[in-house]
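Step one of this worksheet: look at the structure below.
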Amino acid sequence: MTAPVRLGRPPVVLLVPAVLASALVVVPLVALVASAPWSTMGERLASSAVAQALALSIGTSLVTVVACLLLGTPLAWVLARVQAPGLAVLRALVTVPLVLPPVVAGVALASAFGRTGLVGEPLRELTGITLPYTTAGVVVAHVFCSLPFYVLSVEAALRAAGEQHDAVAATLGASRWYAFRRVLLPLALPGIVAGSVLAWARSLGEFGATITFAGNFPGTTQTMPSLIYVALQADADDAKALALVLLAVSVAVLAGLRHRWLDPLRGGGR
Amino acid sequence: MTAPTDDTGGTGGSTSTSADTSAAGLAADLTVPGRVTARLDVAAGSVVAVVGPNGAGKSSLLGALAGTVPADGTLRVAGRDLTRLTVPERRVGLVPQDAGLFGHLSALENVAFGPRARGVPRRRARAEAADWLARLGVGHLADRRPAQLSGGQARRVAVARALVTAPDLLLLDEPFAGLDVTVAAALRGELVSHLARAAAERGTVTLLVTHDPVDALTLADTVVVLEAGRVVQTGEPHAVAAAPTSEHVGRLVGLNVVHRPSAADGTGEGEVLTFPPSAVVLDPEEPRSSARLRWRGTVRGVTRTGGVVRVLVETTDGASLLADVTPTSAERLLVSAGSEIWLSVKETAVTAATMRP
């Protein structure tokens, strides 16, 4: 008689909460799909407000990701590689939006970039540019909320890439910029992809800071979440139809990136 | 050919031992605060083995030479003062312990990285890289990623990557660590000729950190023994192996090393005594023989290999000594771990050397 190689039964104390957790995530998603007004879906989504909001959401979230790539990657490098007093404080500050209630973020943005804000007022006087209630304002709000997700992810990836590679690259004659481009960026690519997805998802769902700072004007600042919020107050079925669209977009992007995410070396080297 | 300078602990004052060697070879007087202080002065083309126990400061010394670890002092290589230069300006080749290849680049691209970084056109950089891969016997692996290379192959690629940049100083950190014994032996054999060639062509000084006395004996013409952040011995490999002054090297070459202060109070110039384990006599009681060198101690380990029983004894003054006895006398003496025992050794079996405190 050979005894089966078993570590024992999975404990109930762990199984029950695990099932509960799964249900908590899965049930609302299923409910949304099940209760959506499938028969009238076409006409509900045909309105120009939906097309505008969807285009605005996709556009602003993509611009947000680009802004994170261009601004967040250098910041992540500085946090991962430069040793200077105050950088620990800077890292802490950069992560604040992660935990900040979005409405508070909106108020903070208004204080800085509002018409009478710290930066907003001189900016308006000098250039005539105002951010609140503009599409640019939406992007600023989204970058504010998304950047910490991106920076933390990329900083971790750069740290994992190891300072030994920096040392070896330097002995081979590489400047720090050359080593960054040719060694660090490719090695940190999985972290950059992951950070971009997180930032993009945060941007797509951003509601509180956007509506507080940029308002809810169809065509310029009304993103999908804002439109869903408005629709919910008038017609719950409209809201469900819109929510379903957002769910579909999110799942599609996640599925599209999945294989790259799980195969970190692809897209690196050559 | 070499003129290694014994470290005396002091870091100030650059003693220009011989203008000849410091002009072409390596002249270093470096301190990594809290880690290591070392003065090295070797001729162009030398191969230096740095040995010592873990935590002796070997890696810190390597980093200080490469410029990746902040250090005080001065460093001249091949007639250039590197002290204030950045790492890319130093022309130092580094082969890290695990080869440190860039995981996203093929073997060829890894080797071509240095020339590319220094502005060599892509086509020529690749040709040079292919040439160096072939020289190290891994030309057929040019398209492989590091993850697809064995440990020995990765080391060869890493050596090629360092040598293609024609460094004035080549640093090898434990080049054979973790390799299969036969692989290590083959690589060691090849390195001898590659290092000799680099030395002949460019006067490249090689410094390798190692645990293995075989590395030091087969590759190096100078051995530097580090202990607790200080150079405790330098010399030619055979001289160091024959008369080690540190317990670490003594153990490596299978000799007992004992320090004996000359003055009764333990100050002044002392002596380093070395003797083989076979010269040690074990007794259950204090020996009545004429032997002046005797210790009391506790047996810490007994291993039997072939016809010899090797006994490790920790003496009452804290040293650990090896004794080789026959199985019969081991039985007669009832040697086992924990038993108290006396050791003695005849002066005639001992090599004594004076050492600076």
Which condition number in (1) over 27 Å from B:V350 (Cβ atoms); (2) in contact (Cβ under 8 Å) with a residue 60 or more places away in the chain; (3) among the polar types (S, T, N, Q) is the one that B:T218 fails?
(2)
Flag for A:S48 being out of contact with any strand residue (DSSP E or B) (no Cβ under 8 Å at 6 or more places or on another chain) and in contact (Cβ under 8 Å) with a residue 24 or more places away in the chain:
no
Looking at A:A108, A:A67, which is the one that is over 17 Å from A:P225 (Cα atoms), surrounded by 13 or more Cβ atoms within 10 Å (Cβ to Cβ) and free of Cβ contacts under 8 Å to residues at least 40 places away in the same chain?
A:A108
Go through segment A:159-211 and tell me which helices (runs of 4 or more DSSP H), entirely inside it, have 2 or more residues that are away from chain B (no Cβ under 14 Å) and closer than 23 Å to A:V245 by Cα.
A:189-205
So, B:T274, is that one among the polar types (S, T, N, Q) and more than 25 Å from B:L343 (Cα to Cα) or not?
no
Checking B:A78, B:A49 in turn, the sole residue that is touching a helix residue (DSSP H, G or I) at 6+ places or on another chain (Cβ under 8 Å), surrounded by fewer than 23 Cβ atoms within 10 Å (Cβ to Cβ) and among the hydrophobic types (A, V, I, L, M, F, W, C) turns out to be B:A78
What is the one condition in (1) part of a helix (DSSP H, G or I); (2) within 14 Å of another protein chain (Cβ to nearest Cβ); (3) out of contact with any Asp or Glu (no Cβ under 7 Å at 6 or more places or on another chain) that B:A99 does not satisfy?
(1)
Scan segment A:14-47 for residues that are at pLDDT 95 or above and polar (S, T, N, Q) and jot them down.
A:S22
Do we find a residue being over 14 Å from the mean Cα position of the chain (by Cα) and surrounded by fewer than 18 Cβ atoms within 10 Å (Cβ to Cβ) anywhere in segment B:164-177?
yes
Taking segment B:135-148 and keeping residues within 14 Å of chain A (Cβ to nearest Cβ) and assigned to a loop (DSSP other than H, G, I, E, B) leaves B:A142, B:D143, B:R144, B:R145
Any idea how many residues of segment B:34-56 are farther than 12 Å from B:L207 by Cα and of a type in the set (S, T, Y)?
1
Every listed condition ((1) farther than 30 Å from B:V47 by Cα; (2) modelled with pLDDT of 80 or more; (3) charged (D, E, K, R)) holds for B:R230 save (1)
Within segment B:159-215, tally of residues that are away from chain A (no Cβ under 14 Å) and among the acidic types (D, E):
5
For segment B:274-357, which fully contained strands (runs of 3 or more DSSP E) count at least 1 residues that are within 19 Å of B:G254 (Cα to Cα) and small (G, A, S)?
B:293-305, B:320-325, B:340-345, B:351-355
Counted residues, segment B:102-134 - those being facing chain A (nearest Cβ under 9 Å) and under 28 Å from B:T210 (Cβ atoms):
5
In this structure, is B:T68 away from chain A (no Cβ under 12 Å), in a loop (DSSP other than H, G, I, E, B) and among the hydroxyl-bearing types (S, T, Y)?
no
Could you tell me which residue of segment B:76-96 is farthest from the other protein chains (Cβ to nearest Cβ), considering only residues that are assigned to a strand (DSSP E or B) and touching a residue at least 24 places away in the same chain (Cβ under 8 Å)?
B:R76
Does B:A23 satisfy the condition of being farther than 20 Å from B:V209 by Cβ, at pLDDT below 85 and more than 14 Å from chain A (Cβ to nearest Cβ)?
yes
Can you name the residue in segment A:123-174 that is farther than 20 Å from A:L70 by Cα and among the polar types (S, T, N, Q) and is also surrounded by the fewest Cβ atoms within 10 Å (Cβ to Cβ) among such residues?
A:T127
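The values are calculated or read from the model by the stated rules, or taken from the named source; none is laboratory data. On a predicted model such as this, the values are computed, not experimentally measured, just so you know. Ideal geometry is used to build each Cβ from the backbone, glycine not excepted, and the neighbour counts take in all protein chains shown.
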